[in-house]
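What follows is a short report on a single structure.
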Amino acid sequence: MNMKTQTILAAIALLVLPLSAQEPTVPDFSKGMPDVKLEKREKIDGNETFHLKTSLASKEFFTTLSNFLGAGWGMRKLNREESILAGNKARTSNAEVCLAVYENARIPSVDIRVIHLKHKEENAGSSVEITVIGKEKG
């Protein structure tokens, strides 16, 4: 390897190492997301919920969300309580409900629960509830 190549590789390593050494963070939903507008934000029992409006269908929304969350975040299988919550939400909201929970192995103390509701009323659009849930360490 010549000196020029070594210098270029060293420069790349210096640029990349600080990025990979950064601690992962919980995304900030307070300004909305692409094609998704924040309507209301609330904190209850240490959890933060963001109520958003979107014209995106659930599939497009979840693709946008995955890009917004970034590397390391992925959906996990719903537990029994979450499945019950989705069913109850569908019965009480007159909407098609898609619920997903995201986790990041590098931030084990946080789950992000996402509920996309496609309202059945004409021209109602869709709404989204994103709750950042702090899990108790046990």
With the condition being closer than 20 Å to LEU38 by Cβ, I'd like the strands (runs of 3 or more DSSP E) fully within the stretch 62-138 carrying at least 3 qualifying residues. 95-104, 110-119, 126-134
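Residues are listed down the side, and each one gets a yes or a no for (1) surrounded by fewer than 18 Cβ atoms within 10 Å (Cβ to Cβ); (2) closer than 20 Å to PHE29 by Cβ; (3) not small (Gly, Ala, Ser):
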| position | (1), (2), (3) |
| --- | --- |
| PHE61 | no, yes, yes |
| THR64 | yes, yes, yes |
| TRP73 | no, yes, yes |
| LYS77 | yes, no, yes |
| ASN94 | yes, no, yes |
| HIS119 | yes, no, yes |
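Given the criterion closer than 21 Å to ASP45 by Cβ and at pLDDT 90 or above, identify the matching residue among GLU60, GLU82.
Result of the check over GLU60, GLU82: GLU82.
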Kindly list, by first and then second residue, each pair from a residue in the stretch 109-129 that is at pLDDT 85 or above and among the β-branched types (Val, Ile, Thr) to a residue that is surrounded by fewer than 17 Cβ atoms within 10 Å (Cβ to Cβ) and part of a loop (DSSP other than H, G, I, E, B), limited to pairs with Cβ atoms under 6 Å and residues at least 6 apart or on different chains. VAL110/VAL26
Condition first: touching a strand residue (DSSP E or B) at 6+ places or on another chain (Cβ under 7 Å), modelled with pLDDT under 90 and of a type in the set (Asp, Glu). Now tell me which residues in the stretch 1-52 satisfy that. ASP35
Kindly provide the set of residues from the stretch 58-102 that are of a type in the set (Val, Ile, Thr) and closer than 15 Å to VAL128 by Cβ, ordered by number. THR63, THR64, VAL97, VAL101
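The values are calculated or read from the model by the stated rules, or taken from the named source; none is laboratory data. Just so you know, these numbers come straight off a predicted model, no measurement behind them. All Cβ positions, glycine included, derive from the backbone under ideal geometry; neighbour counts span all protein chains shown.
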